[in-house]
């Protein structure tokens with residue numbers, strides 16, 4: 001791929017990021033809601049499933065937009081939410097911390 | 001001549017980035033489908049040389065879609081490459097047992113996706 005093609009693809013990816021930013025934000029919001037609910041022992045089945053799906057989707061897509069750290073964090077959350085019986089109660093704070101870091105990554109992509 | 005490839009993925013961000021990548025970087029002819037059911041129809045209409053197939057989709061998932069493609073003589077011989085964010089060893093064994101050409105993992109690099117697909121399909 002030559003430099004012009006690469007620049008064109010990068011520009012097109014940036015436009016797509018803007019296009020899909022609302023759904024990235026929705027996915028992060030699902031993780032924030034689930035983390036907050038889990039911390040207060042009110043995590044519903046729907047919130048749990050939504051968080052698991054959101055983490056899976058973010059893990060699959062963030063790295064494609066050059067947000068490798070985002071994929072690593074989302075994958076970590078996916079593992080936690082996929083655990084039999086739900087996330088480890090000792091990790092309630094961790095769930096919120098990771099969701100907050102993901103929020104920062106999504107909001108600050110240049 | 002440009003290769004013809006069908007992308008089946010329910011996630012519109014992944015589907016559109018993959019299509020953009022294959023069209024821009026490799027100049028391939030790309031068709032898309034947003035579900036397994038739609039993918040079965042598009043595979044017959046578009047007659048792709050290969051299919052890039054997502055694993056986790058609602059209603060008809062990737063493995064089910066693959067089996068349906070294999071049942072139809074019109075699509076049975078089209079090489080299928082799975083695209084998945086699942087990286088657990090048990091998942092990988094399951095995919096290997098299906099009989100697909102290859103498994104590629106999300107997130108992919110849009111700059112090199114076409115090269116990866118071409119390599120696993122022997123298009124180089």
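The relative contact order of the stretch B:4-117 comes to 26 percent, based on Cα pairs under 8 Å that sit 6 or more residues apart. Peptide packing: for B:88-97, B:38-47, the average count of neighbouring Cβ atoms within 10 Å per residue gives the ranking B:38-47, B:88-97, highest mean first. Here the stretch B:4-117 has an Rg and Dmax of 12.8, 35 Å, counting Cα atoms alone.
The stretch B:44-69 and the stretch B:91-124 have Cα centres spaced 14 Å apart. Distance between the modelled labels on residue B:61 and residue A:26, one decimal in nanometres: 2.2 nm (7 Å Cα→Cβ projection). Measuring nothing but how far apart in sequence close Cα pairs (under 8 Å, 6+ apart) lie, relative to its length, the stretch B:53-113 scores a relative contact order of 31 percent. What angle, in degrees between 0 and 90 and rounded to the nearest 10, separates the Cα long axis of helix A:92-107 from the longest principal axis of the Cα atoms of chain A? The angle comes out near 20 degrees.
Any chance you could give the angle, 0 to 90 degrees and rounded to 10, that helix A:3-39 forms with the longest Cα principal axis of chain A? The angle comes out near 10 degrees. When the Gaussian network model of chain A links Cα atoms closer than 10 Å, the mean-square fluctuations of A:54, A:12, A:92 top out at A:12. Relative contact order for chain A: 28 percent, from Cα pairs under 8 Å spaced at least 6 residues apart, divided by residue count. Equivalent-ellipsoid semi-axes for chain A (Cα gyration tensor, √(5λ), whole Å, largest first): 30, 12, 11. Express in whole angstrom the spacing between the alpha-carbon centres of the stretch B:1-25 and the stretch A:33-110. Between the Cα centre of the stretch B:1-25 and that of the stretch A:33-110, the gap is 27 Å.
A short reminder: the numbers here are calculations on the coordinates, not readings from a lab. Since the model is a prediction, treat every value here as computed from it, not as a measurement. Here the Cβ is made from the backbone with ideal geometry for all residues, glycine too, and neighbour counts use every protein chain on show.
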